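The values are calculated or read from the model by the stated rules, or taken from the named source; none is laboratory data. Just so it is clear, the structure is predicted and the values come from calculations on it, not from any experiment. Glycine also receives a Cβ, built like all others from the backbone with ideal geometry; neighbour counts cover every protein chain displayed.
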Amino acid sequence: MRRAVGIMVSIFLYSLQSYAQDPAFSQFYASPLSLNPALTGKFNGSLRFCANHRTQYNSINNAFSTSTISIDAPLFEKNKITEDRWALGIMMMSDMSSNNILKSNFLSLSTAYFKKIDETNNSQLGIGFQATYVNNNIDGTRLQFENGYDNFSGAWNISPTEKINQLNASFNYLDINAGILYSNSTDGINYNYFGLSLYHLNGHKITFPGSSIFNIQPRITLHAGTSFELLNPNTYLYLSTNYSKQSTSSNLIFGGSLALEFNTEYEMSNKIYIGSWLRMNEVLESLIPTIGLDYNDFSIGLSYDINISSLKTASNGKGGMELSLIYRKNKSSGTKEIPCPTF
């Protein structure tokens with residue numbers, strides 16, 4: 001009993017310390033609007049729908065769960081005169097910690113503009129902005145402390161010493177984010193990209209009644225990648241990395257995948273992906289094997305964070321499962337494609 005309560009309290013305190021930190025996906029490349037506002041509309045097609053779901057450390061009382069959906073699209077494609085592009089997008093995200101004791105909901109509106117910087121339109125520079133309405137909730141009354149356990153009835157009562165056990169509050173605010181993205185291609189097959197995004201530009205402080213003050217610290221994210229065809233026909237290598245820093249916390253993910261193309265005789269070819277990424281913060285935290293499939297207008301990805309840090313003892317070796325789904329509606333016939341890297 002004491003060990004179970006101790007683990008639950010430890011996870012809650014860890015969540016509370018990270019409450020002002022942003023949720024993130026291991027498949028960062030499959031959640032473009034949460035990675036960089038400048039990725040809004042950066043795809044070949046007339047509409048893109050993305051969905052992501054991540055659970056982590058389920059063996060410790062549903063410690064973390066994050067879900068998001070987004071829709072983005074370029075505007076005025078049929079009437080454009082130049083190869084420049086303006087796009088809009090909307091994203092909804094839900095992040096829950098410690099068996100839903102901590103909950104955050106996000107509603108984001110994004111816009112981005114891409115400008116060609118060479119005559120061939122093989123290089124583009126994009127800038128994006130995002131406004132996010134955030135709702136945070138904390139229900140400390142559901143937290144179970146050892147001195148709140150009634151040995152006679154077997155029920156959990158409010159702890160007489162822990163003030164957080166008497167707290168149930170919410171807080172709302174508006175967030176402003178921005179980003180830039182550079183991408184180029186030499187031949188329409190090999191791509192390179194580099195992006196930078198800044199979140200929480202306007203800054204906030206969350207004060208729950210009877211609790212500490214949580215500062216929403218600015219976050220900076222750098223992400224880059226390259227893709228190219230190997231000597232073996234219809235085989236491609238994709239490499240990417242993502243580094244983010246918020247307050248004293250940092251997170252680095254790097255790795256790649258090998259893609260095998262099939263159905264090449266048809267206008268729309270498909271690919272199978274097999275790869276792996278590594279996650280580092282203060283220590284080497286996770287190995288992330290990944291599989292994926294591009295089939296017609298759909299892309300599906302499945303990954304699992306294998307915990308290789310010291311936390312694997314408390315988590316019973318369980319890590320984080322993550323699923324992503326992307327749908328891209330084909331461009332209308334006769335519209336020129338823009339060079340877009342596959343992230």
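Quick rundown of the values:
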quantity	calculated
Subset of the stretch 49-72 [crowded, with 17+ Cβ neighbours inside 10 Å and modelled with pLDDT of 95 or more]	50, 52, 68, 69, 70, 72
Whichever residue in the stretch 278-306 is assigned to a strand (DSSP E or B) and at pLDDT below 85 and, among such residues, is surrounded by the fewest Cβ atoms within 10 Å (Cβ to Cβ)	284
Failed criterion for residue 170 (all others in (1) part of a strand (DSSP E or B); (2) at pLDDT 85 or above hold)	(2)
Check on residue 138, touching a Ser or Thr at 6+ places or on another chain (Cβ under 8 Å), in a strand (DSSP E or B) and at pLDDT below 90	yes
Filtered residue count, the stretch 73-88, keeping only those that are at pLDDT 85 or above and more than 21 Å from residue 31 (Cβ to Cβ)	2
Enumerated strands (runs of 3 or more DSSP E) restricted to the stretch 209-274, each holding at least 3 residues that are at pLDDT below 95, more than 20 Å from residue 192 (Cα to Cα) and touching an Asp or Glu at 6+ places or on another chain (Cβ under 9 Å)	249-262
Considering residues of the stretch 141-162 that are in contact with a Ser or Thr (Cβ under 6 Å, 6 or more places away or on another chain) and surrounded by 17 or more Cβ atoms within 10 Å (Cβ to Cβ) only, the residue modelled with the highest pLDDT	145
Single residue of the stretch 87-126 satisfying the filter (among the hydroxyl-bearing types (Ser, Thr, Tyr) and not in a strand (DSSP E or B)) that is surrounded by the most Cβ atoms within 10 Å (Cβ to Cβ)	98
Total residues in the stretch 213-256, condition more than 20 Å from residue 291 (Cβ to Cβ), among the hydroxyl-bearing types (Ser, Thr, Tyr) and touching a residue at least 12 places away in the same chain (Cβ under 8 Å)	7
